[in-house]
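All remarks here apply to the structure that follows.
The values are calculated or read from the model by the stated rules, or taken from the named source; none is laboratory data. No experiment lies behind these values; they were computed from the predicted model shown. Ideal geometry is used to build each Cβ from the backbone, glycine not excepted, and the neighbour counts take in all protein chains shown. Side chains included, ligands, DNA and RNA excluded: accessible areas come from the protein's heavy atoms. Shrake-Rupley method; radii C 1.70, N 1.55, O 1.52, S 1.80 Å.
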Amino acid sequence: MRLYQPELEISQSVSRRLQLVLVLFFCFPNVTYAQSLAFSRNARTFEPQQASLVTKGLAFACLGLEVVPDSLPCQPAWTPLRKDPHLGVELMLSNGYGAVDNTRKLLSGEVSQDFINSLFGENRVLQIEGSGEIAFASKFLNSKYVPKNLKYFSVVRNQTNPDVELYAVEEDAYVFQSGIKVLPGLYTGVQVRSLNRKFIRKKFKLLTIATEAGKDALKPKTHSAIYIEPGFGYQLPWYWKPRISVLVANLGFISEKQPEWVEPTELQVGLGVTPNLLYGKLDLLLDYKGLNFEEDPQDRVHFGALYHFGAMYLMSGIDGNGTSGGIFYRLESINAGIMYSTTQFPRGNGDYFTQTIYVQIGWQI
Amino acid sequence: MGLNGCSPRPQDPSKEKLLKASRLIDAGKPDEAISYLEKLIEQEPQNTDAKVALSSAYAAKAGIKVTSFAGMIINARSVENVMAELSKNAEPSTTPTGQVDEFLKKVSSLMSKASGVARIYVDIPEIRDDVYPYLLYAIEILEEQKDLKAEDKIFKVIMEIIVLKHMISTDLVVGIFQKDWYSQKCVLNFNKFNRSLIKTGKLVVAILEDLEVAHPSKAKELNELSGKIVSSISDLTSAATSITVLDEASQMFLKNAIISAGIGNLAECQP
């Protein structure tokens with residue numbers, strides 16, 4: 001009997017080191033002060049990207065996901081992996097939809113007394129998101145048109161002399177993707193994104209609006225951008241299909257650089273495996289990417305899990321800024337899903353957190 | 001496991017300290033916020049933001065919540081409306097009883113100006129007498145700061161307007177007749193009235209000076225208005241002094257005239 005098993009010892013040693021690295025990776029950066037979150041500038045509430053219900057449910061860990069059931073893949077290189085073409089329309093809305101009209105007024109420059117009362121009068125945290133998209137996906141080319149993506153978030157602290165942090169954005173966008181298989185398992189692709197955006201992103205004392213200098217505090221800013229984002233993906237021919245995915249995000253041009261809007265070019269990496277589980281498949285995903293590009297490094301790690309069983313998709317995701325989970329059904333020509341997201345866990349800020357329900361319905365052929 | 005085991009990420013220390021104070025105020029614990037901020041100010045005496053936060057903690061203790069009337073404050077016309085109310089002039093007297101009439105018109109004019117300003121900010125709540133001292137202290141904290149930002153000046157203006165409303169309903173309508181302890185008759189005595197008048201005038205001037213900082217383009221007009229208010233107060237105290245030597249019949253006429261002018265509180269005989 002062998003008393004000494006060097007392979008096992010090495011593997012245990014590597015495993016222990018990996019565990020230690022993971023723990024340190026998440027815990028160590030607690031001593032850094034990269035970005036103040038004193039006003040809950042949480043990437044989940046301030047992220048600028050339009051994303052589908054499933055992508056949000058996965059905490060944006062989607063680079064390793066070959067096919068996103070309700071939208072285009074996050075990694076254009078996976079385009080050739082789509083088996084069936086798809087044309088669909090999706091509409092997504094979060095709770096708090098009563099604030100949609102006020103958000104649109106705010107972004108059109110209307111700051112009336114009634115509007116201020118409705119936004120800041122009763123609620124300390126307000127959040128609303130709504131979007132629509134028309135998407136076409138095939139083996140060779142994907143395209144998506146987002147006629148409207150609307151987001152709003154505000155938090156008011158100290159009701160006696162209020163401090164406000166506010167983020168409102170309205171955008172429309174076109175996205176084109178294409179990809180080819182270069183070698184067995186190796187894919188490359190490119191994504192072109194063109195968008196027009198109107199936004200307000202500000203932290204201020206509410207009474208600033210009552211001063212002469214602060215009259216333009218809530219004046220929306222606009223810009224247009226075009227990004228050309230190359231990526232590649234490599235899939236190992238193993239059981240569980242482990243794969244790595246790399247995307248160069250936000251590479252392109254913006255019409256006007258504004259200090260409130262930070263969108264630097266970023267190398268994003270995703271890993272994925274797909275084991276069979278019971279009667280379906282489970283995609284386990286790990287991405288390293290920024291959402292609002294101001295996060296600390298450990299908050300750029302996103303875990304997602306997507307269980308696909310028949311017409312049903314169960315999704316769950318977690319990152320340093322929040323947790324989400326939901327369910328999505330894709331039937332022959334219609335689909336629907338619901339998802340819950342919160343910034344209270346894993347690292348909430350006491351009573352200043354968001355809890356949001358998203359609902360999406362769609363039609364596809 | 002790593003995510004669950006890690007403590008919340010530390011924030012920017014200065015912002016985190018003020019955030020804690022904001023949380024205590026929002027949680028209905030102004031006393032804890034005051035205690036916390038006073039310790040912070042002891043450690044950082046130059047921290048103006050902490051002093052402004054302390055002022056808001058005292059205002060919270062007085063029951064003030066700006067969010068409940070934020071829209072009205074931010075109304076773009078509110079400063080112009082205040083200036084318009086304060087610019088209204090009393091019509092000069094032409095009657096034979098000129099002195100009394102002149103006095104009544106000036107009092108009515110001043111009360112009309114003050115009430116006009118209070119009407120613009122009708123949604124700003126009244127304050128109870130028991131918490132009124134906290135509001136006064138909150139204003140005092142801000143008065144001690146040399147370089148207040150414009151938005152903090154507006155916060156001070158709001159508190160001053162609340163005080164003005166309180167003064168109109170309590171101090172400004174103090175009677176000008178006082179019971180003489182020897183004769184037990186009500187005789188004219190403008191001492192309390194003049195003191196209230198001057199106090200109200202000073203407050204209105206303070207409001208206008210703070211608005212000058214918040215609205216620099218209107219600073220000249222606001223400054224002129226301040227001057228006019230000071231003159232009005234001065235004229236009124238002089239007018240009051242000039243009618244202190246009325247005989248009994250004239251005093252009765254004055255009393256009736258005050259009641260007819262709708263400011264009957266002034267005719268009450270103070271103990």
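General observations
- Among (1) under 15 Å from A:Ile361 (Cα atoms); (2) without any contact (Cβ under 8 Å) to a residue 24 or more places away in the chain, the one test that A:Gly326 misses: (2)
- Of the strands (runs of 3 or more DSSP E) lying entirely inside segment A:239-347, those containing at least 2 residues that are more than 30 Å from A:Pro220 (Cα to Cα) are A:243-249, A:266-273, A:280-288, A:301-309, A:312-319, A:322-330, A:334-342.
- When residues of segment A:253-295 are limited to those that are farther than 22 Å from A:Thr55 by Cα and surrounded by 16 or more Cβ atoms within 10 Å (Cβ to Cβ), the one modelled with the highest pLDDT: A:Ile254
- Answer from A:Ala135, A:Ala168, A:Ala213 - the residue that is out of contact with any Pro (no Cβ under 7 Å at 6 or more places or on another chain) and outside any strand (DSSP E or B): A:Ala213
- Residue in segment A:161-183 that is closer than 30 Å to B:Leu211 by Cα, open to solvent by 10 Å² or more (accessible area, probe 1.4 Å), without any contact (Cβ under 8 Å) to a residue 24 or more places away in the chain and at the interface with another protein chain (Cβ under 10 Å from one of its Cβ atoms) present: no
- A:Ile209 closer than 30 Å to B:Ala21 by Cβ, β-branched (Val, Ile, Thr) and either within 14 Å of another protein chain (Cβ to nearest Cβ) or open to solvent by 50 Å² or more (accessible area, probe 1.4 Å) (or both): yes
- Just one of the listed residues (A:Tyr358, A:Tyr352) is at pLDDT below 95 and away from chain B (no Cβ under 14 Å), and it is A:Tyr358.
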